[in-house]
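Here the structure comes first, spelled out in structure tokens, and everything after it is commentary.
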Amino acid sequence: MAEQAEGLRHQLSYQGVLGELAGNSEVLQQVFSLIRQLAPTRAPVLVTGESGTGKEVVARAIHQLSPRAGGPFVAINCAALPETLMESELFGHEKGAFTDAVERRAGCFELAQGGTLLLDELAEMPIGTQAKLLRVLEDSRVRRLGGKTDAVVDVRVIAATNRPPAAAIRKNMLREDL
């Protein structure tokens, strides 16, 4: 039954439907092709496009077609979080790490364990936090704020931005090495 369902999903993707995406235009078919190529890999992905173009829908399609589909899909909007909360949201914190940290809290990386983490509006993340994100991408380890040890995480990161990456790099809003 599962093989039959997968076969039908695969067939639909060639008939203008892929996850929540639908359309037969040449451009959308190119997007479908890229999604099919990226989904089975472990590579981090950067999805770019103007606001309202469906970047999160593309990220969900990549997740749903990936080997991680059975794991969680966790999305965080970097533009909606104050800078003071960003690291706690991403990496978690230990009790007493800061004034309002009354209990231990897992961050988005831990919550997405075995699945996919979408970092929406990545260029809005503070540069200092981007450096810490780069380290997590390089060694798959996170340390909660106030923590003494690292935790190994198995998370695929998909980032999205409505800013052209080259322009964001020039304006020092996005790290080039990220």
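In the chain, taking the dipole from charged Cβ atoms about the Cα centre, the farthest positive-side position among 75, 115, 147 is held by 147. Sorted on the mean count of surrounding Cβ atoms within 10 Å across their residues, most packed first, peptides 63-75, 129-141 read 63-75, 129-141. Once backbone amide H atoms are built at 1.01 Å from N, residue 141 has 153 as its partners under 5 Å, excluding neighbours fewer than 5 places away on the same chain.
Dividing the Cα radius of gyration of the chain by 2.2 N^0.38 Å, with N the residue count, gives 1.11. Screening the chain for whole DSSP H helices with an alpha carbon extent of at least 15 angstrom along the helix axis and a mean Kyte-Doolittle hydropathy of at least 0.5 yields 26-38. Taking amide H as placed 1.01 Å from N in the peptide plane, residue 69 has no amide H partner under 5 Å among residues 5 or more places away or on another chain.
Taking the Cα centre as origin and putting +1 on Lys and Arg beta-carbons and -1 on Asp and Glu beta-carbons, what dipole magnitude results for the chain, to the nearest 20 debye?
The calculated dipole for the chain is roughly 280 debye.
Values in this text are rule-based calculations from the coordinates and carry no lab data. Only a predicted model underlies this, so the values are computations on that prediction, with no experimental measurement involved. Note that we place each Cβ from the backbone using ideal geometry, even for glycine, and neighbour counts take in every protein chain shown.
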